[in-house]
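For reference, the structure discussed in these notes is given below.
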Amino acid sequence: MSDKNYMSMAIELAKKGCGWVNPNPMVGAVIVKDNKVIGKGYHKKCGEAHAERVALADCEESPFGATIYVTLEPCCHYGKTPPCTQAIIESGIKRVVVGSLDPNELVAGQGIKILEDNGIEVVTGILKEECEKLNTVFFHYINKKVPYIVMKYAMTMDGKIATYSGKSKWITGETARNNVQDDRNRYSGIMVGIGTVLEDNPMLTCRKEGGKNPTRIICDTKLKTPLDSNIVKTANQIETIIATCCDDKVKLEKYKNMGCKIIQQDKYNEKINLKDLVVELGKIGIDSILLEGGSSLNWSALESGIVNKVQTYIAPKLFGGKNAKSPIGGQGVDEPGKGFMLSNPTIVYLGEDILIESEVVNCSQE
């Protein structure tokens with residue numbers, strides 16, 4: 001087998017950590033000796049052993065003289081775990097094949113240098129594009145210090161997210177809805193506005209078997225979230241953040257007593273300052289957010305420049321209705337040339353539905 005084959009194995013292993021390693025990267029490692037895989041592993045959860053150490057512990061024979069394939073440059077600093085470069089050097093491994101370099105300023109090529117200084121051959125760039133794609137969120141978070149924001153909505157082929165009476169369950173089919181649950185597991189947080197809370201009384205949990213619930217983030221300028229809402233009632237079990245401009249200490253204390261964390265902000269155009277909010281969320285380790293808001297929050301997020309990616313689920317049905325809501329509300333732009341441009345669209349068929357994913361060109365975070 002070639003270097004690319006073994007790196008492909010490492011990539012598939014890395015994916016198993018999806019949703020559990022945030023804000024760390026997904027990393028997989030495969031150890032090969034005499035054309036035989038003798039050990040493999042992946043980073044399973046933030047705070048636990050890194051992929052290289054897991055693979056070394058998995059070895060069925062001595063790794064002395066072996067090659068290790070790892071999707072991301074081995075770390076060389078002490079964090080929640082010791083440096084992986086140290087473990088590789090001590091193991092007697094003679095060759096390290098790396099997929100992508102680590103942009104973390106604590107690593108950033110230093111891991112490779114340490115290995116080479118210790119007489120270990122290092123090969124880089126094997127399946128580089130695939131390895132970088134694996135950790136789009138991590139690279140963004142490390143470089144920008146703010147969460148990677150994915151705006152998601154489901155609509156009909158005539159661009160409606162609900163009927164004229166406001167009903168929206170269900171626009172898409174089960175396959176598409178299951179894909180959303182995969183993303184709720186993948187990303188650290190899920191964000192909605194107060195309108196969604198009042199209209200739907202959602203739980204905003206991950207319904208995927210064995211999945212992880214995202215941190216729930218509610219944008220609630222005037223603090224109207226009902227104390228008996230599903231979100232507040234379960235805040236002691238599922239991490240819940242309410243961003244608000246309310247300064248009523250008595251009122252705020254009621255939410256805190258029920259387990260909600262409060263982020264207070266000054267108003268910006270009579271609303272939550274989303275740009276400041278994502279900075280605060282980044283400081284507490286939220287590296288990515290699935291934005292499942294209504295048309296009003298979607299517009300505010302685009303207008304503030306925080307959206308990195310747009311997910312558009314399209315169902316093969318028509319609702320009609322001049323008063324039926326579209327995905328993006330607000331005032332909108334006044335000229336076609338001022339529209340928010342999207343790039344690199346990909347299309348996935350999910351049952352009868354279609355998912356189009358695109359990057360936002362003029363995101364102010366870039």
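The values are calculated or read from the model by the stated rules, or taken from the named source; none is laboratory data. As the structure is a computational prediction, the values presented were derived from the model and not from experiment. Every residue, glycine as well, gets a Cβ built from its backbone with ideal geometry; the counts of neighbours run over all protein chains shown. The accessibility values were calculated without ligands, DNA or RNA, using every heavy atom of the protein model including side chains. Shrake-Rupley method; radii C 1.70, N 1.55, O 1.52, S 1.80 Å.
Any residue at all in region 213-231 that's open to solvent by 60 Å² or more (accessible area, probe 1.4 Å), on the phi > 0 side of the Ramachandran plot and under 23 Å from the mean Cα position of the chain (by Cα)? No, every residue in region 213-231 fails to be open to solvent by 60 Å² or more (accessible area, probe 1.4 Å), on the phi > 0 side of the Ramachandran plot and under 23 Å from the mean Cα position of the chain (by Cα). When you go through (1) open to solvent by 40 Å² or more (accessible area, probe 1.4 Å); (2) of a type outside the set (Lys, Arg); (3) modelled with pLDDT of 95 or more; (4) closer than 23 Å to Lys15 by Cα one by one for Val98, which number turns out not to apply? Every condition holds for Val98 apart from (1). Within region 315-363, the set of residues being open to solvent by 70 Å² or more (accessible area, probe 1.4 Å), of a type in the set (S, T, N, Q) and in a loop (DSSP other than H, G, I, E, B) comprises Asn323, Gln331, Asn362.
Within region 1-49, the set of residues being surrounded by 17 or more Cβ atoms within 10 Å (Cβ to Cβ), small (Gly, Ala, Ser) and closer than 27 Å to Gly211 by Cβ comprises Ser8, Ala10, Ala14, Gly17, Gly19, Gly28, Ala29, Gly41, Ala49.
The numbered conditions (1) surrounded by 18 or more Cβ atoms within 10 Å (Cβ to Cβ); (2) more than 21 Å from Asn178 (Cβ to Cβ) are all true for Gln311 except (2).
Flag set for Ile194, criterion: within 23 Å of Ile272 (Cβ to Cβ) and among the hydrophobic types (A, V, I, L, M, F, W, C). In summary, Val146 fulfils each of the numbered conditions (1) out of contact with any strand residue (DSSP E or B) (no Cβ under 9 Å at 6 or more places or on another chain); (2) under 23 Å from Lys208 (Cβ atoms); (3) modelled with pLDDT of 95 or more with the single exception of condition (2).
Looking only at strands (runs of 3 or more DSSP E) that fall completely inside region 1-94, which ones have 2 or more residues that are touching a residue at least 24 places away in the same chain (Cβ under 8 Å) and within 22 Å of Lys113 (Cβ to Cβ)? Because the criterion is at least 2 residues that are touching a residue at least 24 places away in the same chain (Cβ under 8 Å) and within 22 Å of Lys113 (Cβ to Cβ), the strands (runs of 3 or more DSSP E) in region 1-94 that meet it are 28-33, 67-72. Residues being more than 17 Å from the chain's Cα centre (by Cα) and either touching a residue at least 24 places away in the same chain (Cβ under 8 Å) or within 21 Å of Asn24 (Cα to Cα) (or both): count how many of those fall in region 175-199. Residues in region 175-199 being more than 17 Å from the chain's Cα centre (by Cα) and either touching a residue at least 24 places away in the same chain (Cβ under 8 Å) or within 21 Å of Asn24 (Cα to Cα) (or both): 9 in total. Of the strands (runs of 3 or more DSSP E) that lie entirely inside region 231-314, those containing 3 or more residues that are within 26 Å of Gly339 (Cα to Cα), at pLDDT 95 or above and not β-branched (Val, Ile, Thr) span 288-291.
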